[in-house]
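The numbers here are math on the coordinates, done by the rules we state, and not lab data. Owing to the predicted nature of the structure, the values given are computational and were not obtained by experimental measurement. Virtual Cβ from ideal backbone geometry, glycine too; neighbours counted across all protein chains shown.
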Amino acid sequence: MTQAPYELYYWPTIQGRGEFVRLALEDAGAPYRDVARKHGPRSGMAAMTKLMGGDAPGLEPFAPPFLKVGELVIAQTANILLYLAPRLGLVPDDEASRLAAHQLQLTVADLVGEVHDTHHPISGSLYYEDQKPEAARRAAAFTGERLPRFLAYFERVLARGGGQGLVGGAHTYVDLSVFQVLAGLDYAFPRAMARVEAGIPGLRALGKRVAARPRVASYLASERRLPFNEEGIFRHYPELDG
Ligand SMILES: N[C@@H](CCC(=O)N[C@@H](CS)C(=O)NCC(=O)O)C(=O)O
């Protein structure tokens, strides 16, 4: 039996930031183990906390997701994708394209951080219910200013590159990530998304193309794709979708 080369470590019940890595692995058809979601030896939450507790060979990761490949443990979503993409054929070879992809992925990470802060503006260790007034203010600023600004930026980048992909004409991991961002924002903020809809035709077409990619479509229809929920990053609290 061949051993899956890629081991993804991420919280087992949410899409979260792990989903950006899952989508890249799934789109490429790369064999991987979603370690914390598996049962048995070297699996489950115990295996994840063990590596986070200083048992990782090399550099200890601060937070999931992280990817283990042999003795190499790589953390930070954008960093994991930077490593994986050339190996999975999800970024062109030239340096300018790789830097562009990484830059865009870091911008996705900024956006994801701001989405997280709409429901946890004070602390990730407090319940949402304990920071609701602050969350309401933060979410109003996010849906009113930041969400339109981020999406208009990605729309411009896409249009300027010809409309096929965010990094020129090539299909890259950034296209997968922006598809995921749109899916998450549609779930969390349907009213705010309706307000920006007319301004993002290129992103919508890109999202449809990504969802129709055979391996992505089959992943999205599978049990491996967890549903969005109110434990993850993209949460639907109607009161935050003003
Ligand atoms: N910048 C990191 C953020 C990692 C992160 O915040 N992970 C969350 C789950 S999505 C977590 O478990 N954080 C625990 C913590 O920060 O203590 C990345 O993009 O991977």
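For the structure I just gave you, tell me whether residue 103 is within 16 Å of the ligand (Cβ to nearest atom), more than 16 Å from residue 21 (Cα to Cα) and either touching a residue at least 24 places away in the same chain (Cβ under 8 Å) or part of a helix (DSSP H, G or I) (or both). Yes: the conditions hold for residue 103.
Any residue at all in segment 211-218 that is over 15 Å from the mean Cα position of the chain (by Cα) and among the hydroxyl-bearing types (Ser, Thr, Tyr)?
Here is the first cut: in segment 211-218, the residues over 15 Å from the mean Cα position of the chain (by Cα) are 212-215, 217-218.
Those left that are additionally among the hydroxyl-bearing types (Ser, Thr, Tyr): 218.
Yes, some residue in segment 211-218 is over 15 Å from the mean Cα position of the chain (by Cα) and among the hydroxyl-bearing types (Ser, Thr, Tyr).
Kindly provide the set of residues from segment 105-147 that are among the small types (Gly, Ala, Ser) and within 25 Å of residue 157 (Cβ to Cβ), ordered by number. Matches in segment 105-147: 109, 113, 141, 144.
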